[in-house]
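Worksheet: one structure, shown below.
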Amino acid sequence: MEFSAAVLTAVNQPLSIERVTLTGLAPRDVLIRNAASGLCHTDLEIMCGSLAYPVPVVLGHEGAGVVQAVGEDVVSLKPGDHVIASWSPHCGHCFYCERDQPILCEPLTRHQPAGLLPDGRSRLRLNGQMLHHFSVVSSHAQFSVVTESGAIKIPQDMPLDRACLIGCGVMTGVGAVSRLAQVQAGTNVLIIGCGAVGLNAIQAAAFEQAEMVIAVDRDDSKLALASRFGATHVMQADDATLEMIKAATAGRGADYVFEAAGSEAALQLAMEATRPGGQLVILGKTEVNRKVGFRFGSMMGEKRIIRSSYGGARPLRDFPWLAQRYLDGKLNLDDLISTRLPLDRINEGFDAMRNGQGIRHVVTFD
């Protein structure tokens with residue numbers, strides 16, 4: 001079959017909308033007819049070359065849609081099921097899966113950086129040549145092919161343009177607070193960076209009943225959103241921010257700190273603002289080969305420091321949980337979406353991201 005997809009053919013070039021070919025389904029494959037795909041900064045990193053990836057490639061890893069077809073060995077899904085794609089499928093039996101670290105699944109980490117599905121092969125062709133998958137999802141297309149554990153069934157009444165956000169930004173922010181750090185009620189929580197991940201960490205801290213939820217950013221519009229998502233205090237990021245945080249927390253610093261800005265300055269502030277005995281979760285990222293430094297003394301005081309890419313996600317458990325929270329009115333996804341765009345305007349969404357405009361731009365399909 002043929003379908004339209006946004007293809008990156010070279011770094012620092014816009015995406016081109018191409019007709020690509022599906023070669024067929026393997027026994028454990030699931031074919032998803034995408035309804036929506038969120039634009040993420042990781043896509044932008046590939047486009048600008050700060051994160052190396054083979055091209056040509058169909059980008060996108062935050063997708064949701066309806067199962068169109070399944071391979072002969074798929075047992076958990078059927079055509080018509082509504083699903084969210086996960087960029088962290090796992091085999092269940094490798095070294096890391098056996099040690100309850102499925103995000104490090106060896107087939108995934110071996111083949112995903114090469115632009116292949118977990119079995120080491122591509123299912124896509126462009127003009128007869130192999131086309132790479134991005135992060136085993138490639139959701140900036142009318143259809144995606146994922147392995148069975150990478151398609152997570154959700155309630156049929158969950159709006160798919162909001163469901164797609166759960167696949168990356170929502171899971172990362174909420175999971176960091178609720179699953180990974182397990183924030184306790186009555187504690188003080190600091191979130192540095194109020195983009196998609198940071199806003200979701202804020203609302204998770206609020207529904208975990210943190211006593212104080214402090215949001216820090218340079219952008220007034222994002223701080224306004226932070227208040228809507230549950231922040232009790234908002235602070236501009238400047239030279240006085242650390243003093244303000246200390247003043248709000250009896251001079252100690254926050255019990256839990258979540259760094260979601262992805263800069264050296266944000267990392268240093270996060271280190272300094274974590275109280276002795278507190279916990280810091282680093283969610284932001286910068287160029288993979290860039291060295292960052294911080295004051296060694298800011299690590300002292302028995303602080304627990306964790307780097308997380310997916311907020312301790314267990315997609316099979318967590319995606320339906322998050323979808324149900326939205327349906328119950330307890331998770332704000334509506335205010336995360338800045339614009340909805342058709343596939344042929346996807347470059348406009350990435351241009352807005354480059355300019356710091358909006359939180360999430362979502363491609364929707366008819």
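Counted by neighbouring Cβ atoms within 10 Å, the residues GLU208, GLU45 run from fewest to most as GLU45, GLU208. The alpha-carbon of LYS285 sits under 23 angstrom from the alpha-carbons of these lysines, leaving out residues fewer than 8 places away in its chain: LYS222, LYS303. Against the main long axis of the alpha-carbon atoms of the chain, helix 264-273 sits at an angle near 50°. A Gaussian network model of the chain, with springs between Cα atoms under 10 Å, assigns the largest mean-square fluctuation among GLY293, GLY230, GLY195 to GLY293. Among beta bridges from DSSP that stay inside the range 12-140, the antiparallel ones total about 90%. Among CYS168, CYS48, a tally of other beta-carbon atoms within 10 Å of each Cβ gives an order, fewest to most, of CYS48, CYS168. Across the range 29-36, rounded Karplus estimates of 3J(HN,Hα) from the backbone phi angles (6.51 cos²θ - 1.76 cosθ + 1.60, θ = phi - 60°) give 7, 10, 9, 10, 7, 5, 9, 7 Hz, Gly and Pro being marked x.
Remark: the range 283-366 carries a charge dipole of roughly 640 debye about the Cα centre, counting +1 on each Lys and Arg Cβ and -1 on each Asp and Glu Cβ. Residues considered: GLY349, GLY284, GLY49. Largest GNM mean-square fluctuation over the chain, using C-alpha springs under 10 Å, is found at GLY49. Within straight-line reach of LYS246, meaning a Cα separation under 17 Å, sit the following aspartates and glutamates at least 8 residues removed in sequence or on another chain: GLU211, ASP217, ASP238, ASP255, GLU259, GLU272.
Distances between placed amide hydrogens fall under 5 Å for VAL234 paired with ALA215, all partners being 5 or more residues away or on another chain. When MET235, MET47 are arranged by Cβ crowding within 10 Å, least crowded first, meaning fewest neighbours, the order is MET235, MET47.
Of the beta bridges in the chain, as assigned by DSSP with both residues counted there, near 55 percent are antiparallel.
Under the combined filter of DSSP loop state and at most 13 neighbouring Cβ atoms within 10 Å, the range 119-207 retains these trypsin sites (Lys or Arg not before Pro): ARG121. Seen through its C-alpha gyration tensor, with square-root eigenvalues sorted a ≥ b ≥ c, the range 173-307 comes out rounded because a/c lies under 1.5. For the range 139-181, a Kirkwood radius taken over Cα pairs fed into Stokes-Einstein (4 °C, viscosity 1.567 mPa s) yields D = 107 µm²/s.
Amide H to amide H distances under 5 Å link ALA35 with ALA64, GLY65, VAL66, where only residues 5 or more positions off or on other chains count and H is placed in the peptide plane. Only lysines eight or more places from LYS78 in sequence, or on another chain, were considered; those with a Cα closer than 19 Å are LYS153.
For ALA151, the residues whose modelled amide H falls within less than 5 Å of its own, excluding neighbours fewer than 5 places apart on the same chain, are SER86.
Read-outs throughout are calculated quantities, based only on the coordinates presented, and are distinct from any laboratory measurement. Computed from a predicted model, the values in this text were never measured in an experiment. Here the Cβ is made from the backbone with ideal geometry for all residues, glycine too, and neighbour counts use every protein chain on show.
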